[in-house]
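Q: I'd like to ask some things about the structure below.
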Amino acid sequence: KLIRYQNLLSDVPDIEIVSLTDLKISEKIAEPHQTAKENAIHKVREYSKLTSLPTLSIDEAATTNFLPENEQPGVYVRRVADKQTELTDEEQIVFWKKTISRFSEPNKQVVWDFQMAYYDPQEDIVHTSHVTMPAQVSAVFSETIVPGYPMSSFLILPGTTKPAADLTAEEKAAAEKQIFAPFVQDFRSWIHED
């Protein structure tokens, strides 16, 4: 995530995106809510308390056009099997291969809801933005597993033709610039650049 958002915000002057690791913070804030927006807001406030810095938090949820309602991942993308245990990248690949093979419909999609929250403790205002991204399910899984992003082995980003894991860094960055353009515009307004 850090690399994605550093790339997306690289053209915004006078900011430096740093991670919790850079700040030597290892505490992991819980994600207790049922929506990505609520989790993003919760995390941005809690992490800002730890850092005393303006903070950006992201949470994601996913739905599909092929799973029944009771099997939709929602905010449990990493914990889809039992909503308790966080799956490894390899376990996620196995889970999704089995799950997708149960459905014969063509044109399967996973629709991502990216919720971003920004909080500057001096202003004491939480700003939010979201981006919806429909990704096509590839008929063939890539052999490449991107650490932290196992679903990129079978999801095709809008404007591309192969699984995200097989895109070059430049292809992926170009696709994400288009997908996340509304968020970048919101971010610029939050920091009073526009």
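Q: Take the chain, mark every one of the GluC sites (Glu not before Pro) that falls in a DSSP loop and has at most 16 other Cβ within 10 Å, then report the longest stretch left between them, sites excluded.
A: Details: sites that count: E16, E27, E86, E123, E143, E193.
Maximal segment without exposed cleavage sites: 28-85.
Q: For D22 and K97 in the same chain, what is the full-extension length gain: residue separation times 0.36 nm, less their Cα-Cα distance, in nm? Walk me through the numbers before you get to the answer.
A: Numbers: separation 75, 0.36 × 75 = 27.00 nm, distance 3.54 nm.
Extending this stretch completely gives an extra 23.5 nm.
Q: Another question, if that's okay. With the full set of protein chains in place, find how many percent of the accessible area of the stretch 55-194 is carbon and sulfur; take the probe as 1.4 Å. List each step's numbers first, then the result.
A: On the way: 3760 of 7210 Å².
Ligands and nucleic acids excluded, carbon and sulfur reach 52 percent.
Q: Extending each Cα 7 Å along its Cβ direction at Q6 and H192, get the distance between those two points in nm, one decimal.
A: 2.8
Q: Here's another thing I want to ask about it. Provide H192, H33 ordered by accessible surface of protein heavy atoms (probe 1.4 Å), highest first.
A: I get H192, H33, largest accessible area first.
Q: Also, I was wondering about something else. Rounded to two decimal places and with Rh computed the Kirkwood way over Cα pairs, what is Rg over Rh for the stretch 1-128?
A: 1.03
Q: Going through the cross-link list K1/K24; K37/K177; K108/K177; K28/K98, which pairs have a Cα-Cα distance over 27 Å in this structure?
A: Result: K28/K98 exceed 27 Å.
Q: Let me ask another. State, to one decimal in nm, how far the label point of D89 lies from the label point of T51, with both points 7 Å from Cα in the Cβ direction.
A: Placing both labels 7 Å beyond Cα along the Cβ direction yields 2.4 nm.
Q: Figure the gain on full extension for D124 and I15 (residue separation times 0.36 nm, minus the Cα-Cα span) and round it to one decimal in nm. Each step should come with its number before you reach the end.
A: Working: separation 109, 0.36 × 109 = 39.24 nm, distance 1.88 nm.
Additional length available on full extension: 37.4 nm.
Q: When all protein chains stay in place, what accessible area (Å², nearest 10, 1.4 Å probe) is found for R102?
A: Probe radius 1.4 Å; accessible area of R102 about 130 Å².
Q: Could you work out the helix-only [θ] at 222 nm for the chain, with each DSSP H run of four or more residues adding -39,500 (n - 2.57) and the total divided by the number of residues, to the nearest 500 deg cm²/dmol?
A: Numbers: 5 runs with 57 residues, N = 194.
Calculated mean residue ellipticity at 222 nm is -9000 deg cm²/dmol.
Q: Right, something else. Keeping all protein chains in place, calculate the accessible area per residue for the stretch 1-146 (probe 1.4 angstrom), answer in Å².
A: Per residue, the stretch 1-146 has an accessible area of 58 Å².
Q: Can you find, among Y118, M133, S104, the residue sitting farthest towards the positive end of the charge dipole of the stretch 97-137, where Lys and Arg contribute +1 and Asp and Glu -1 at Cβ?
A: Farthest towards the positive end: S104.
The values are calculated or read from the model by the stated rules, or taken from the named source; none is laboratory data. Everything numeric in this text was worked out from a predicted model, so none of it was measured. Neighbour counts are summed over all protein chains in view; Cβ atoms, including those assigned to glycine, are modelled from backbone coordinates with ideal geometry. Calculation scope for accessible area: heavy atoms of the full protein, side chains included, ligands and nucleic acids excluded. Shrake-Rupley method; radii C 1.70, N 1.55, O 1.52, S 1.80 Å.
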